[in-house]
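> The structure under discussion is supplied below as structure tokens; questions concerning it will follow.
Where a number appears in this text, it was derived from the coordinates with a stated rule and is not lab data. What you see is a predicted model; the values in this text were computed from it and never measured. A quick note on method: Cβ atoms are made from the backbone with ideal geometry, for glycine too, and the neighbour counts reach across all protein chains shown.
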Amino acid sequence: MKQNDHQDPPQDKDRQRQLRLLPGVDRLVEQLTGAAGLETVPVSVLTDAARSTVAGLRQAILSAKKGLAETELAIDAVVMRAAQAARTAMAPNLKPVINATGVVIHTNLGRSPLSREAIDHLVAVASGYSNLEFDLSKGERGIRYAAIEDLLCRLTGAPAAMAVNNNAGAVLLAVETFARDREVIVSRGELVEIGGSFRIPDVIRKSGAILKEVGTTNRTHLKDYENAVSEKTGLLLKVHTSNYGMVGFTAEVDLAGLVELGRHRNIPVMHDLGSGTLIDFKEFGFPHEPTVPEIVATGADVVTFSGDKLLGGPQAGMIVGKNEAVAAIRANPITRALRIDKLTLAALEMTLRAYRDKPAAIRNIPTLRMLTEPLAVVEQKAAALADELKNLDGTRLAVEQVPLVSKAGGGSLPFLEIPSSGVAVSVEGISANRLENLLRAGNPPLIGRIEQDRFIMDLRTVAQSEISVIKEIFAALAAAANGSDGHTKDC
Ligand SMILES: *Cc1c(COP(=O)(O)O)cnc(C)c1O
């Protein structure tokens, strides 16, 4: 360092001087301790905030062409910066956001919001002890699935049922149970990637089973399965292609065909439904999607589906099917590693209970309500939001109600285009990208999309109660922009 000093060009002298202006971490912590609004912040958090603030400024000084503006280094400014870092550190990382994307089952945004009943029951169960694995009538150890087994059986028509942590786990577990060190026969047209890292061929391999692909990408026939069956076959697996489809010269073997073959050759048949619905969406004009009861009635030994896709409940993997098959899965030690948590179980039970009255389920389970909300209702919400935003004082907001198309998401009903309505916003002097950034960083974060240089909000996934929240978000944005009037730069 010493030897460099005398060789430094003039701007490096400035930098050295600026670095010396930075307060020490201890001094900064002292200033933050007990400061207004930070009274309850633990010292460890203040220290981290002070340290990261000083480190950040040091970095900024070193990387800026001509050092930093002196105002940024004034002690008050540094304290303010550190206080902001401390406040940010106090807010939870996982937090509610407003989903204005129009994608109802949005995996990145937590898939299905829970019904009121599910939330209340979850809170009640979480707040104390429960009979999770305690049979209250006998006073002895009970079964974890007791709360949902009977419900799942009634709702799906299957004689046995259980649930695990998620559907990926359900598939892994079931394949491992029936086909470890044996072959699983799957059509080449169904070797799908669901998203993230869930790929059917990988899951089969990881379960210790041997993948036996049959057919071609676009066409698979019953004889392909028949020819592949041998004494090494452990399972016939049908996979819902979820997020993709094929058109043109295609052929697949329906579940009934596989069930017939399985019965004939004494091989279990499994259908991974992915989304899985207990509601027939026909009356809402959606493309036909076989319901779980229909699939079960076809005679599959095991059917798996997600708790938080079309079912509209918590993350979970349902496993329903024949007594013998479900008993074998329960006896698998891996079940213990994938077991469903009590909070999930509480929410799942109430979600399933709602389905005993289907019209009520559609009203009360948010995912079902949003998917089926009549266009006129969504249009009313969009009009209400557009009015609120137009009435904001002194803003340079251009607001327009626009027709949109919502999607089910989560690999469910991929071809469904639900007519929807929303609001397009642009702000004079701020690009749509910058606006999207600001809204995403807001409190609560507002997630929409950009189209033709406007920020678009689809009201199908926005609750009535969130409209006033969105208005407040834009009001705060406008206030901040007006505060720096004339300085608002487009980045
Ligand atoms: C979504 C999906 C899965 C994985 O379910 P998770 O609930 O996300 O674990 C498995 N199989 C299919 C066909 C799916 O669509």
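> What's the extension gain from Leu19 to Asp76 if we count 0.36 nm per residue and subtract their Cα-Cα distance?
Full extension from Leu19 to Asp76 adds 18.9 nm.
> Considering only DSSP beta bridges whose two residues both sit in the range 113-364, what percent are antiparallel, to the nearest 5?
Rounded to the nearest five, the antiparallel share is 45 percent.
> Sticking with this one: Under the rule a/c < 1.5 gives rounded, and otherwise a/b versus b/c splits prolate from oblate, where does the range 81-166 land using the Cα gyration tensor?
oblate
> May I pose another question? Taking the Cα atoms of the chain, what is the range of coordinates along each of the three principal axes, in descending order and whole Å?
87, 57, 55
> Still on this model: Tally Lys and Arg at +1 and Asp and Glu at -1 over the other residues with C-beta under 12 Å from the C-beta of Ala354: what net charge comes out?
+3
> How many nm is it between the label spots at Val247 and Asn93, if each spot is 7 Å from the Cα in line with the beta carbon?
4.3 nm
> Let me ask something additional. Tell me whether the range 1-126 comes out rounded, prolate or oblate; compute the Cα gyration tensor, take square roots of the eigenvalues as a ≥ b ≥ c, and use a/c under 1.5 as the rounded threshold.
Because a/c hits 1.5 or more and a/b exceeds b/c, the range 1-126 counts as prolate.
> Using a Förster radius of 35 Å, what is the FRET efficiency between Glu417 and Asn108 based on their Cβ-Cβ separation? Nearest 0.05, please.
Efficiency computed from Cβ-Cβ geometry: 0.95.
> Choose one of Leu122, Phe134, Val192: the residue whose Cα lies farthest towards the positive end of the charge dipole of the range 113-364 (beta-carbon charges +1 Lys, Arg; -1 Asp, Glu; about the Cα centre).
Phe134
> Residue separation times 0.36 nm, minus the C-alpha to C-alpha distance between Asn266 and Ser197: what's the value?
21.6 nm
> Taking the Cα centre of the chain as the origin, how large is its charge dipole in debye, to the nearest 20, when only Lys and Arg (+1) and Asp and Glu (-1) carry charge on their Cβ atoms?
880 debye
> Take Ala337 and Gln452, extend 7 Å from each Cα along the Cα→Cβ direction, and tell me the distance between the two endpoints in nm.
Distance between the two pseudo-spin positions: 5.3 nm.
> Also, quick follow-up: Can you give me the Cα centroid spacing of the range 185-227 and the range 404-461 in angstrom?
The distance from the Cα centre of the range 185-227 to that of the range 404-461 comes to 36 Å.
> With point charges of +1 on the Cβ of Lys and Arg and -1 on the Cβ of Asp and Glu, referenced to the Cα centre of the chain, which listed residue (Ala386, Ala300, Phe249) lies farthest in the positive direction of the dipole?
The Cα lying farthest towards the positive end belongs to Ala300.
> If you don't mind, there's one more thing I want to ask. Taking Cα pairs under 8 Å and at least six residues apart, what relative contact order does the range 340-401 come out at, in percent?
16 percent
> What is the distance in Å between the Cα centroid of the range 351-370 and that of the range 74-144?
Using only Cα atoms to place each centre, the spacing works out to 21 Å.
> Would you work out if the range 113-364 is rounded, prolate or oblate? Take a ≥ b ≥ c from the square roots of the eigenvalues of the alpha-carbon gyration tensor; rounded if a/c is under 1.5, else prolate when a/b is larger than b/c, oblate otherwise.
Taking the square roots of the gyration eigenvalues as a ≥ b ≥ c, the range 113-364 is prolate.
> As a test of the formula, what do you get for the chain when each DSSP H run with n ≥ 4 contributes -39,500 (n - 2.57) and the sum is divided by the residue count, at 222 nm and rounded to the nearest 500 deg cm²/dmol?
-13000 deg cm²/dmol
> Only residues of the range 456-470 count here: report those whose backbone N is under 20 Å from the spot 7 Å along Cα→Cβ of Glu400, or say none.
456-460
> I would also like to ask the following. Roughly how many debye, to the nearest 20, is the charge dipole of the range 113-364 about its Cα centre, given +1 on each Lys and Arg Cβ, -1 on each Asp and Glu Cβ, and no other charges?
300 debye
> Between their Cα atoms, which of Lys95/Lys407; Lys322/Lys407; Lys342/Lys381; Lys282/Lys390 are more than 32 Å away from each other?
Lys322/Lys407; Lys342/Lys381; Lys282/Lys390
> Let me have the relative contact order for the chain, percent, based on Cα pairs under 8 Å that are six or more residues apart.
About 17 percent, as a whole number.
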